[in-house]
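Since every read-out is calculated from the coordinates, none of them should be taken as a lab result. These numbers come from a predicted model, not from an experiment. All Cβ positions, glycine included, derive from the backbone under ideal geometry; neighbour counts span all protein chains shown.
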Amino acid sequence: MSVYTSPQELSDGLSLLNSISLISNPYPLVLQTFYDRRAKLVSPELPRFAIILGVVHTILLFVATITFLLKVFQSRRVERKIWFWRRHYSSLSTTPYFVPNGFFIIELLQMCGCMCYLMFVVGFYWLVKHPESIPVYIEAGTMFWHTVALVPGAIAFWLGGWSAFYVVYLAPKANARDSTPEKISIHHPVVLNTICISVPVLITTYFCSVGIALFVKLKQTIDTIGLVTSTLKQLSVDWKPNDPMSAKNNARFFNVLTSLTVEGNHLMKLVQAEGTGWAVVSIFIIAFYIGNAIASGRLVKRSMLIATGSKKLVDHESEFQEESKETINSQGKTHLDSHLESQAASRGSAHFSSQATKRGSTYQNPASMRKLQRTYYYLYISCVLLTLFMGLNFAYSITHVTKLRSIIFDIKWQERLIDLITSTTVLLSFSLFLQSLMLMIWG
């Protein structure tokens, strides 16, 4: 007997139970079978999985907290304003562009994600080790925390990459005089700000909604399971041979089983909705980050070639003159802006040097070159790690959707999924920590 029994199996079971209950008491055996079946659905590896996740995310929470505090103290020491959003102003519009500051946001989101995972781990470990003593709300809450635990990490990747994406692809040009004020283009502040904010809002809203729905539905399922066991216990006590009420009692019992089956199917659909959502988010962020890394890498690589003298700056005079006309004022300062300013300064210095020598002069700055090289390699390392993590998350999500019944009823599939989840979450947290650490070192 299972939570996901088909209607035909229920009908056949009711007929069999009606026949047996007239001459013997089958309810203790049915109850014991129900308990045994539930016990067999739990993999012995689940406690190990909970312990590993708990230890890893406790360490990462501690490290993220220390890193964030170090950044705060460092900012105060150098009299840098602590902010989470900066505002760009263009000469074409009075509306500012809001760009997130990944320097501080990454740690906060990582801490939030670690706390969500720890809430899930506490409830999950309690459930698998002492299922008889765990409160219903904590047991149902594990589904909510599991659903939203990856949300902060996904948002951190989006906000961490948005600033570079904004500058490379979508930064407004002050010299673009052909744009008509009446026509709203993708460069308009409202459009860019909406794109920047809407993705985290949509991700948070969707998965919080699914998590709440899972919490409610799982609580209903747990209550129905409790009703099934209490009904079986009562029928065991009240059983009598050739009882004329036996058929009616059995019908009432199977009505409860039917409700349990319906709620179980709804629960499966919600879990599949969660997996489908994460599959879509994974593909979207992979595409976004690869495009962002390629574009940013080209920008940094070109500047690195100029800094090392591999390219003649006289070929870029007109480009520098064009870029120098841009008048985007800002409040606050990001690390990406520092890189772009150093690149512009390098091009400017070389430009004036080329005017002095009249041809083919190059500009060499070893410190600037090393910083550009580190930036160039860091972008691609981050892209590889994120692509690997989101690829694992995509594989986990697809497995969750397509093999859900096998995961529920087959312990081997549970163990495979445990290894996949562990690898995914550890790699996510490591990727965020690496980005945070590199930003702090280069700050």
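Could you derive backbone 3J(HN,Hα) for segment 384-401 from the dihedral phi with the Karplus parameters 6.51, -1.76 and 1.60 (θ = phi - 60°), listing whole Hz in sequence and x where the residue is Gly or Pro?
With the stated coefficients, segment 384-401 comes to 5, 5, 5, 4, 5, 5, 5, x, 5, 5, 5, 4, 4, 5, 5, 4, 4, 6 Hz.
Between residue 384 and residue 220, what FRET efficiency follows from the Cβ-Cβ distance if R0 is 35 Å, with the result rounded to 0.05?
Details: r = 43 Å, r/R0 = 1.24.
Approximately 0.20, to the nearest 0.05.
Pop the C-beta distance of residue 32 and residue 301 into the FRET formula with R0 = 60 Å and round what comes out to the nearest 0.05.
On the way: r = 68 Å, r/R0 = 1.14.
Between residue 32 and residue 301 the formula returns 0.30.
Neighbouring Cβ atoms within 10 Å as the yardstick, rank 263, 45, 274, 107 fewest first.
Values: 263 19, 45 14, 274 23, 107 27.
The order, fewest Cβ neighbours first, is 45, 263, 274, 107.
According to a simple spin-label model (label point 7 Å from Cα along Cα-to-Cβ), what is the distance in nm between residue 201 and residue 405?
Those two pseudo-labels are separated by 4.0 nm.
How far apart, in nm, are two points set 7 Å out from the Cα along the Cα-to-Cβ line at residue 137 and at residue 98?
For residue 137 paired with residue 98, the spin-label model returns 3.3 nm.
Subtracting the Cα-Cα distance from 0.36 nm times the residue separation, let me have the gained length for residue 259 to residue 237 in nm, one decimal.
On the way: separation 22, 0.36 × 22 = 7.92 nm, distance 2.32 nm.
Full extension from residue 259 to residue 237 adds 5.6 nm.
Once you've got the Cα coordinates, tell me which of 269/403; 40/217; 219/412; 40/403; 40/240 are over 20 Å apart. Before the final figure, lay out each step's value.
Working: 269/403 12 Å; 40/217 23 Å; 219/412 27 Å; 40/403 18 Å; 40/240 31 Å.
Beyond 20 Å: 40/217; 219/412; 40/240.
Calculate the FRET efficiency for residue 19 and residue 209 from the Cβ-Cβ distance with a Förster distance of 60 Å, rounded to the nearest 0.05.
Values: r = 46 Å, r/R0 = 0.77.
The computed FRET efficiency comes out at 0.85.
Would you mind ranking 294, 421 by Cβ crowding within 10 Å, fewest neighbours first?
Details: 294 14, 421 19.
Fewest to most other Cβ atoms nearby, the residues stand as 294, 421.
Please list, ordered by chain and number, the residues whose modelled amide H lies under 5 Å from the amide H of residue 187; skip anything fewer than 5 residues away on the same chain.
Placed amide hydrogens put nothing under 5 Å from residue 187.
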